[in-house]
Ligand code: PMP
């Protein structure tokens, strides 16, 4: 037997959403990707970085991703010392656990939300605690003071889509003894966010991704905003060249083109709200969503049946076998045409 650490031997590993590789056309609504291409400025910036012969790729990228940090800092109204760039927000979530939770120490998150936090904690050998939700989407049994090292709050919640109010984030910041990480992967689609609260609460970290609202899942770009002491710690432990040259070119161009970004986000929000109404016409129960996805349950509350029937029609949505989620499906918001085709299929499936 190879001499693995016990926790690595025993862990299951995270399984991301299914990626078809059969060369067929799928309507892919299972990983909350953006249906629109990134800003044309992104492609231009990448081509510019590549140049005629790609010679710049000989050299390492800027280790600190300074241009990206500056652009993000300008956009979010903070000093660049408050920002770190990451190879997808997953990287920064991983580094937060490595920085704050030692072996045997506890982290917590909400169930259901993003279960990758648990995988990252298992790798580190940290203990994982979860808090459920009441039927009013409040945290069930959350103590007056949580003594673990990190508490992850996915806001808007994924996969359910509802958002916690800002006052609740403020209250939580006071009740969490360790770090409160607000994972705002979907906040660009929401009415509100907690980013500016990093100035008010020194234990608050806000993470963002360019995978969804900026259509850049394929480039692996994320970031975190927090006090400079936190950012400096994360800088010590990240891969020193964590963003490649093309990703660095892309992130600056994407963040700069706010006009394209806003149009794209607005279109997805409109499609989401229209699709939610149409699902309810089909007697689905739908949770009001602040993300680029909807969590919806068919009248018979059999998510697997509808998942399979959509799959037969090459429409891919996300089904979770977890008992807390098996009654429904998470459906990412695609183009209006993709959503119309999905509605047609759902009408047929019944
Ligand atoms: N947080 C949440 C809640 C997510 O759904 C995702 C995407 N699966 C991520 C973080 C990670 O995003 P990325 O690594 O693509 O930035």
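Coordinate-derived values only; no laboratory data. Treat the numbers as computed from the prediction; the structure is a model and nothing was measured. Every residue, glycine as well, gets a Cβ built from its backbone with ideal geometry; the counts of neighbours run over all protein chains shown.
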Check: C-alpha center segment 111-156 vs C-alpha center segment 197-273, spacing in Å is 22
If you bin the C-alpha pair distances of segment 1-131 every 10 Å from 0, what whole percents do you get? 9, 24, 29, 28, 10, 0
Within segment 310-325, which residues have the backbone N less than 13 Å from the label spot 7 Å out from residue 22 along Cα→beta-carbon, could you tell me? 310-316
State, in angstrom, two size descriptors of segment 75-148 derived from its alpha carbons: Rg to one decimal place and Dmax to the nearest whole number. 14.6, 40
With Rg from the Cα atoms and Rh as the Kirkwood inverse mean 1/r over Cα pairs, segment 269-311 has an Rg/Rh of 0.97
Note on segment 143-238: alpha-carbon gyration tensor, axes a ≥ b ≥ c; rule is a/c under 1.5 for rounded, else prolate if a/b larger than b/c, else oblate; result oblate
Where labels lie 7 Å past Cα in the beta-carbon direction, separation of residue 175 and residue 324 in nm: 1.5
Mean-square fluctuation check for the chain, GNM, Cα pairs under 10 Å: which of 314, 330, 220 is largest? 314
Note down, for the chain, the three equivalent ellipsoid semi-axes (square root of 5 times each alpha carbon gyration tensor eigenvalue), biggest first, whole angstrom. 31, 27, 20
Mean separation of Cα contacts under 8 Å (6+ apart) over length of the chain, as relative contact order %: 23
Computed on alpha carbon atoms, what radius of gyration and Dmax characterise segment 136-183, expressed in Å? 10.5, 27
If you take all C-alpha pairs in segment 11-67, what percent of them are over 15 Å apart? 73
If I histogram all Cα-Cα distances within segment 39-103 using bins 10 Å wide from 0, what percent of pairs lands in each bin? 17, 35, 34, 12, 2
According to a simple spin-label model (label point 7 Å from Cα along Cα-to-Cβ), what is the distance in nm between residue 67 and residue 239? 2.0
Counting all Cα-Cα pairs in segment 98-141, those more than 11 Å apart amount in percent to 64
Once you have the alpha carbon radius of gyration of segment 232-290, what is it after dividing by 2.2 N^0.38 Å, with N set to its residue count? 1.83
Which of 134, 31, 271 ends up with the largest GNM mean-square fluctuation for the chain, with Cα atoms connected below 10 Å? 134
Taking max minus min of the Cα coordinates of segment 213-350 on each principal axis, largest first, gives extents in Å of 53, 35, 27
